[in-house]
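Read-outs: derived from the displayed coordinates by stated rules, not from any lab. Remember, it's a predicted structure, so these values are computed and weren't measured experimentally. When we count neighbours, we look across all protein chains shown, and the Cβ atoms used for this are built from the backbone with ideal geometry, even at glycine.
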């Protein structure tokens, strides 16, 4: 990431991967959350360094799936009613518990 020509190297590797059977490119959510440059700035998927990679995907006619981050609500603290609901279900503090509470709240 932090060396010149990163995008070109990735594009070349992608071409080899497709030759060996890869059928697409997935960019995981750590791009929008915790992957950082040496400067400490978060890496963004629209960084021009990746243009070469996306151009290679177009040339190879392969799909790109981008999962850039979790929704903001996932980082909110659980209130007492959510913790009680999660505890009853045996999954205290999980995303599943928060989602169930959001569904429950929307039906009110």
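Taking the residues in segment 5-35 that are part of a loop (DSSP other than H, G, I, E, B) and farther than 18 Å from residue 55 by Cα as candidates, determine which candidate is farthest from the chain's Cα centre (by Cα).
Here is the first cut: in segment 5-35, the ones part of a loop (DSSP other than H, G, I, E, B) are 5, 20-24, 28-29, 34-35.
The next check asks that each one be farther than 18 Å from residue 55 by Cα; those that pass are 20-21, 28-29, 34-35.
Working: 20: 25, 21: 23, 28: 4, 29: 1, 34: 10, 35: 10 Å.
Once the filter is applied, the top-ranked residue is 20.
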Residue that is nearest to residue 68 (Cα to Cα), among those in segment 36-56 that are in contact with a helix residue (DSSP H, G or I) (Cβ under 6 Å, 6 or more places away or on another chain) and part of a loop (DSSP other than H, G, I, E, B): 45
